[in-house]
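Okay, so here's the structure we're looking at.
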Amino acid sequence: MGKAPNDLSDFTDNGELEKCFDSDELADYKLNIKCIAWWDEVHKSCHIGDKREGDKDHVQFPRNAEGKYDPNGHYSDEEKGIVLKVKYANQGRFAFGVSLDPNVPDGEENEGIRAVMYDYTNRTILSIGDWKEKVQKQIEHVKRTSDDSTKWVETTRIQNGVYGNDPIKIINNRVKYGVPRMVPGIGKESFKHLNAQGINTVQDAVDLAGNEEKMREIVRTISGTKVTYDKLKEIIDGCKDQYQGPISPPVVYHNRAENPYKSLYGDNWEDEIEKDIPKHTCITKLVTHIVTESKKLYENTPYKDCWMFYHDALSLMTAKSCVDWMKKQYIDESNTISYYDKWILPVLGLNDAYTRFAGRPIGNSPEMMPLDNCLNKDLHELVARHVLMSRASAINKDDPRIFSLSSAKKVSHAYRRVWCPTTGCGPPSYRIVQDIMKVVDAMKKIFDQKGAFVPDLAQRPGERHIINQLKSKIWGGKRTKSEAMHILFADRDDLHSELKAILAEEQGGM
């Protein structure tokens, strides 16, 4: 953050401290830690098999002859540890948000809360420009669809009904308006002959019903065609039987509109077109979710007007197109506070020395993000435990309550249940509080060093992840062994209700 020269006293040409590190200058920008919602994205690959990811051991529970858990039972002698490796594993993709509970009065012990997650599993987030291209291609595709498409043709016509002003040839159309073919074998030329005899509409045919003399005269007049008396009578009787009235209700061809989706769905058209572009979504969806759900966390609290959200420098969010869009989206009716105003960003020239990073938050820096710090790892461990225990304990292996990571859809289902702010089970409140406060400690250390690099705030051996063996120094602080064991082997109060039900059934309700 900011400049980090070897001589920390030389921040400006005249030796004065930069404004971004001057406590007096920063007074107007102070935030209460309780009014910040922290957001981060997580991708979780599918895992197909009996063994836990990365493990060389296979976990079993002793069972009795009936297959139920029994401490004095026996372990299976079957082959253990089957894992299916696929070349391209699908992923569950999520954005998680956490905060300190704003309803807890100052002076009382803090509590952590989880925001409603954003689930974009099986989708790739696109920039605004790339998304608009996808949308335009889908619109052009719809505009090329046939008028016979029932989705894009809207009418109150009664299905299989005909109306007086319908052209007579409608009875020879299998699909349009849902009218079945009543007279197979009548071709275009035959209809031309009928038209020449004044039978142009369904009403003309209905008016001939019962007039046998006129019908025979028409057949004699157009002799030599395939319009026999029996077929003409069949046409007339069919029109009469399915006659619904003299005037057909209007038909709207949405696929002919400039924007078929807006024509059909109105203001919700963007949500509907996203359903037809299943592999992609737009960055604006993620940002809108972050702002909307963050706002909900602080409704009816002392921080309903001053809340902010923190998200690191995701390239799609810091892109000019997204920034410009955020500045035009407002959270209040007076259109004075934009989405962009709620994003915690550098102030007083911080990062301006580096043009590329000016005005934008830092990038990958786990010591500044509670979720990157340890909470994401906690969540992965918690879900893995649910997968292991539900799979091993469920009597019915097709039980829909089982937690699984074998497909992207099941990964999504597992994470949504565990994370859910109301019915989920983790990460627990005290872990959220602990990691948020570790960020505060890290910020203080960085500030004290005037933005210089501070060793040991974040250790990254290889890829970015939490040190599995819980070494003494980890991002922003450390966790004791007992705390780590609690995350891995929490008591049953920390389990999801559906897993508790599976365990209870396995033990015979005990």
Check: Any residue in the range 101-115 that is basic (Lys, Arg) and closer than 30 Å to Pro249 by Cβ?
Finding: no
Next item on the list: Could you list, in sequence order, all residues of the range 28-54 that are surrounded by 13 or more Cβ atoms within 10 Å (Cβ to Cβ), charged (D, E, K, R) and modelled with pLDDT under 90?
Entry: Asp50, Lys51, Arg52, Glu53
Next item on the list: Among the residues of the range 183-217, write down those that are free of Cβ contacts under 8 Å to residues at least 24 places away in the same chain and open to solvent by less than 20 Å² (accessible area, probe 1.4 Å).
Entry: Phe191, Met215
Notebook entry, point to check: Among the residues of the range 419-438 satisfying the criterion of being among the hydrophobic types (A, V, I, L, M, F, W, C) and out of contact with any Phe, Trp or Tyr (no Cβ under 8 Å at 6 or more places or on another chain), which is nearest to Glu293 (Cα to Cα)?
Noted result: Cys420
Notebook entry, point to check: Of all helices (runs of 4 or more DSSP H) completely enclosed by the range 418-510, which ones contain at least 1 residues that are modelled with pLDDT of 85 or more, open to solvent by less than 20 Å² (accessible area, probe 1.4 Å) and over 21 Å from Asp372 (Cβ atoms)?
Noted result: 497-506
Next item on the list: Answer yes or no: is there a residue in the range 128-143 that is in a loop (DSSP other than H, G, I, E, B) and in contact with a Lys or Arg (Cβ under 9 Å, 6 or more places away or on another chain).
Entry: no
Margin query: Exactly one of these conditions fails for Lys279: (1) more than 30 Å from Phe96 (Cα to Cα); (2) in contact (Cβ under 8 Å) with a residue 60 or more places away in the chain. Give me its number.
Written below: (1)
Next item on the list: Identify all residues within the range 1-27 that are open to solvent by 40 Å² or more (accessible area, probe 1.4 Å), modelled with pLDDT of 75 or more and hydrophobic (A, V, I, L, M, F, W, C); write none if there are none.
Entry: Ala27
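The values are calculated or read from the model by the stated rules, or taken from the named source; none is laboratory data. Everything numeric in this text was worked out from a predicted model, so none of it was measured. Here the Cβ is made from the backbone with ideal geometry for all residues, glycine too, and neighbour counts use every protein chain on show. Just so you know, the surface numbers come from the protein's heavy atoms only, side chains and all, with ligands and any DNA or RNA stripped out. Shrake-Rupley method; radii C 1.70, N 1.55, O 1.52, S 1.80 Å.
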